[in-house]
Amino acid sequence: MKPLTSSIRRQLLCWLLIPIMTLWIVGSVITYLLAIDFADNAYDSALLDSARAVASRLIFKGANVQVDLPPAAQSILKWNEKDDFFYQVLTSKGQLISGDDTIPMPVWTNLSKLPSFRDEKVGNRDVRVVALQVPIPDQPNNAFVAIQVAETLQGIDELTDKVLLGVVLPQLLLIILAALAVWFGVKRGLRPLKELQDAVASRSPTDLRDLPANTAPKEVKPLVNAINELLVRLREDRDAQKRFVANAAHQLRTPLAGLKTQTELAERYRDPEDLRHSLRNIRTSADRATRLVQQLLSLARVEPAVAVGSRREPIDIFAITRDATSELVPQAIAKGIDLGFEGSGSGSIILGDAENLYELCINLIENAILYTQRGGKVTVRLENPSYPCLVVEDNGPGIPPEERERVFERFYRTLGTTVSGSGLGLAIVREIAEMHGAKVSIAGGMDGTGTIVAVQFPQAFSAPFMQRSEAAFVRGFEPPFVRS
């Protein structure tokens with residue numbers, strides 16, 4: 001048996017039809033009881049009229065009582081031809097004056113001037129009996145006679161059945177019509193879900209267009225909107241994958257071709273000096289390819305469609321900036337660049353992804369080292385702990401104002417530069433900054449030379465806040481790999 005929750009249609013039909021059927025059963029029982037009460041009252045009223053008619057035929061002659069009830073009068077009393085009619089007139093001592101002796105004696109203690117009704121048996125047949133007391137005029141000691149009238153119950157049973165059928169059968173017909181209306185209404189009401197199912201099922205795996213929401217009912221629109229939001233994320237993820245594949249194919253073609261060329265040349269050389277020169281070129285090409293692959297992977301990781309579900313936790317941006325600067329010291333020394341770090345030494349806690357923030361710092365500092373001339377200076381600062389601002393300043397050739405926005409484009413490199421690179425560093429920086437709600441800006445140096453790149457983060461958590469929050473913690477960060 002399938003669970004009730006497996007079908008909305010089944011749930012709706014059950015929640016609608018079961019209460020309707022329950023109300024019909026309860027209504028039928030109430031109707032049956034009311035029909036019995038109505039028939040009993042009507043039957044008792046007719047039976048009482050017959051008893052009073054018998055009383056009207058009494059003739060009093062002193063203490064003697066006679067009953068003038070010829071057969072013609074008895075036939076008039078049998079108002080229901082389907083039932084047998086019985087009557088008797090008794091003295092106060094229970095002696096039969098007239099009528100049938102088959103009717104059981106009345107309960108004398110219940111007998112009074114008011115009529116009393118009871119159910120009895122005459123032979124093996126059920127009857128309804130009414131008994132009343134008629135006083136004998138001008139007699140002492142409240143002398144009276146008792147009159148009992150009885151009739152079988154076939155007529156009352158038929159009357160009850162007619163009343164019951166007259167009410168219950170139309171109700172049953174209405175229930176059937178209501179069930180059909182409910183079934184049709186549920187089927188019609190669930191048609192939008194069926195249309196939505198067909199619209200989704202008929203699509204190919206590559207068809208990620210939005211589902212039409214303007215024709216959907218009000219209750220279905222949230223579902224359609226949620227599906228459309230999912231389709232948007234899927235489209236972004238697919239486009240990001242396409243861009244990554246295209247970028248990787250385009251950018252890796254040159255270093256791989258260089259590696260192949262240098263390898264072929266090395267195979268031809270016989271002079272050890274020429275062979276060492278070729279191997280150095282191979283190593284340089286391999287380093288460039290390695291760095292390019294690292295940046296492409298970083299770029300793929302920070303794509304908006306991928307970064308939506310990235311982890312967020314309290315991060316000490318001061319520690320991450322310091323560690324990233326320390327990692328690039330050997331690279332700066334190899335180029336004769338004075339790389340320095342300035343900070344207050346107190347933690348600035350922001351909410352973010354540690355690996356991505358570390359990648360932002362590495363790309364920003366490495367980009368400054370790469371484009372600064374030999375013997376230059378690069379300074380890394382973390383300003384204003386309340387609103388952390390990461391500043392990387394160099395005294396290199398600088399970036400022309402008209403190109404300061406374009407350098408954030410992927411694979412864009414400033415015209416006239418002789419430095420090898422992929423043009424992805426600042427693009428990665430901006431993507432990661434936007435992930436964390438930060439803004440990146442570029443300005444010229446104080447003395448008109450060099451470049452200042454600033455990353456302004458949102459407000460940091462305060463130390464007391466971090467102490468009050470038992471669930472919060474600052475993650476210590478270790479670089480995921482050592483760069484060459």
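On the stretch given as segment 1-50, residues that are at pLDDT below 80 and of a type in the set (Asp, Glu) total 0. In summary, Ile428 fulfils each of the numbered conditions (1) modelled with pLDDT of 80 or more; (2) in a helix (DSSP H, G or I); (3) closer than 30 Å to Ser285 by Cβ with the single exception of condition (1). Among the residues making up segment 16-39, those that are in contact (Cβ under 8 Å) with a residue 12 or more places away in the chain and either of a type in the set (S, T, N, Q) or closer than 26 Å to Phe184 by Cα (or both) are Leu16, Leu17, Ile20, Met21, Trp24, Gly27, Ser28, Thr31. Among residues of segment 435-448 that are within 10 Å of Glu393 (Cα to Cα) and in the same structural domain as Ser386 (by TED's automatic domain parsing), none has a Cβ under 8 angstrom from a residue that is among the small types (Gly, Ala, Ser) and loosely packed, with under 14 Cβ neighbours inside 10 Å at a sequence gap of 6+ or on a separate chain.
Can you tell which of Asp239, Asp198, Asp210, Asp126 is part of a helix (DSSP H, G or I), acidic (Asp, Glu) and surrounded by 12 or more Cβ atoms within 10 Å (Cβ to Cβ)? So the residue among Asp239, Asp198, Asp210, Asp126 that is part of a helix (DSSP H, G or I), acidic (Asp, Glu) and surrounded by 12 or more Cβ atoms within 10 Å (Cβ to Cβ) is Asp239.
All conditions in (1) out of contact with any Ser or Thr (no Cβ under 8 Å at 6 or more places or on another chain); (2) farther than 30 Å from Gly123 by Cα; (3) surrounded by 13 or more Cβ atoms within 10 Å (Cβ to Cβ); (4) not acidic (Asp, Glu) hold for Arg188, with the sole exception of (3).
The values are calculated or read from the model by the stated rules, or taken from the named source; none is laboratory data. Since the structure is predicted, the reported quantities are computational estimates derived from the model, not experimental observations. Quick reminder, even Gly has a Cβ in these numbers, built from the backbone with ideal geometry, and neighbours come from all protein chains shown.
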